[in-house]
1. Mind jotting down the distance between the C-alpha centroids of the range A:248-263 and the range B:96-110, whole Å?
2. If you count, for every residue in B:110-118, the Cβ atoms of partner chains within 10 Å of its Cβ, what is the mean?
3. Would you mind working out the magnitude of the charge dipole of the range A:89-264 relative to its Cα centre, with +1 at each Lys and Arg C-beta and -1 at each Asp and Glu C-beta, to the nearest 20 Debye?
4. Under the definition of partner shielding as Cβ atoms of other protein chains within 10 Å of a residue Cβ, what is the mean value for peptide B:63-72?
5. How much of the calculated P(r) for the range A:201-258 lies past 12 Å, in percent of all Cα pairs?
6. Roughly how compact is the range A:89-264, stated as its Cα Rg over 2.2 N^0.38 Å to two decimals?
7. For the charge dipole of the range A:89-264, defined by +1 on Lys and Arg C-beta atoms and -1 on Asp and Glu C-beta atoms about the Cα centroid, which residue among A:ALA222, A:LEU91, A:ASN247 has the Cα displaced farthest towards the positive pole?
8. Using mean Cβ contacts within 10 Å as the protection proxy, how do A:218-225, A:157-164, A:259-266 order, highest first?
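What follows is calculated from the coordinates using simple rules that are stated; it is not laboratory data. Keep in mind it's a predicted model, so treat the numbers as computed, not measured. Here the Cβ is made from the backbone with ideal geometry for all residues, glycine too, and neighbour counts use every protein chain on show.
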Amino acid sequence: MNMKLRPFGFRPVGCGPLIIRAVILLVPLAPEWAFAQVSETLNGAPVQVTPYLPEPGVPTIAIPQGTLNTVPTGSGTGTGGSSGASGSDALDTLLAQSWGSSAIANAEALGLNPSALAATCVIESGCGANDGNGSGAQGPFQMYPAAFQDGLQTALAADPSLASQIVQGSAGMDDPTTEAIAASGYLMQANQNLESSGISNPTVLDVRSYYEFGPQYGAPVANADPSTLLADVVPQSYLTNNNIPLNTTVAQWQSSVANTVGNSANQSVLM
Amino acid sequence: MKKLFLAAAMLASFVPATVLAQQTAQNHAATVLSGYACMALNLPAGEMMNPDIQVPIYSDPTSSSTQIGRASAIVIVSFPLVLTDGYARVLHLNGKTGWISKQYIKTWVSPGGTGDHCYPALLSNGRIGFEFHK
């Protein structure tokens, strides 16, 4: 018997019955839209086969009609979330600012949890005010000039490429993006200070005392018994300058901070 | 005995999470640390706010030894005071003992004028901290 081997087992077109040959010949001629139409109009669950002839020994199956599982469509455009960032209420507030997304990206580049940065601007100004309060502090992060310069230097030392986004000179304090970079650097300093003071993996709540009351008071407030009066730890003038009643305890102050910043209060400062 | 241990372990595993959460949330001074006292960092007010000014704590009573940390506004010193070569022995907040130049410490007085005293304490969260009362 003389057999020809066919590499893929297909029967050559010319060798089949006439009807099969016709179908095979017609398939390549089908218009493209005929195939595309199938997926475009599929707007829900595929048609289900309802058995109408019961099989002996198999109970009757009732298939509920249900509703079509349609895929919602919209005209909006989406953007990717921030990588590695821990979500928080404060972060949403920061993201709502025109300069928010760049501030978050820069914080992440520095290894700072953007929620920590967001919490700071939420507390200081609601991330909105850009005017000084008369005390020398200004901008969304309400930084004093010395802290602004310190923070900026720390941030640039950690990531020199951020220099391209900075408004030079004193005008930088009026630029939210620049101040956000400075605030990020200042929070990095706070984190390092507290870690060096014995607090491992400081939280947003821990560094808040550093930011609000100054470098030397950060660790004592963070490590004070909550029933302690803040006035026992930080100078009375610091409290009055920050509109904090003198009979406020550490626990009350921390609770106030936590209520303002929401779920970012107990997040780590660094990513 | 083995069964008793097993039963105890099973009971412990059924402690509600809320109870555990409450226990960890309540941070308070568990133990006052005897043999130590609070002193204040001796810096002018302006320097207390300056992050560039850091008072080092060394591993030994010499500036050539390893820096183990930096001092904060309240310094925990050994009591009675231990002085060696111009350095006072301190307990750092990370639990390590170290030394600080004695020129940087002074008597602690409540900065708010409340008249309270400061006591070094071990907090319920495991940190070394401070308790304040009359």
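1. Here the answer is 30 Å between Cα centres.
2. Mean partner shielding for this stretch: 6.
3. Dipole size: approximately 120 debye.
4. Values: counts 0, 0, 0, 0, 1, 2, 6, 9, 4, 16.
Partner-chain Cβ atoms within 10 Å, mean over residues of B:63-72: 4.
5. Above the 12 Å cut-off, the range A:201-258 has 61 percent of its Cα pairs.
6. 0.98
7. Checked the options; the winner is A:ASN247.
8. Going by the mean number of other Cβ atoms within 10 Å, highest first, we get A:218-225, A:259-266, A:157-164.
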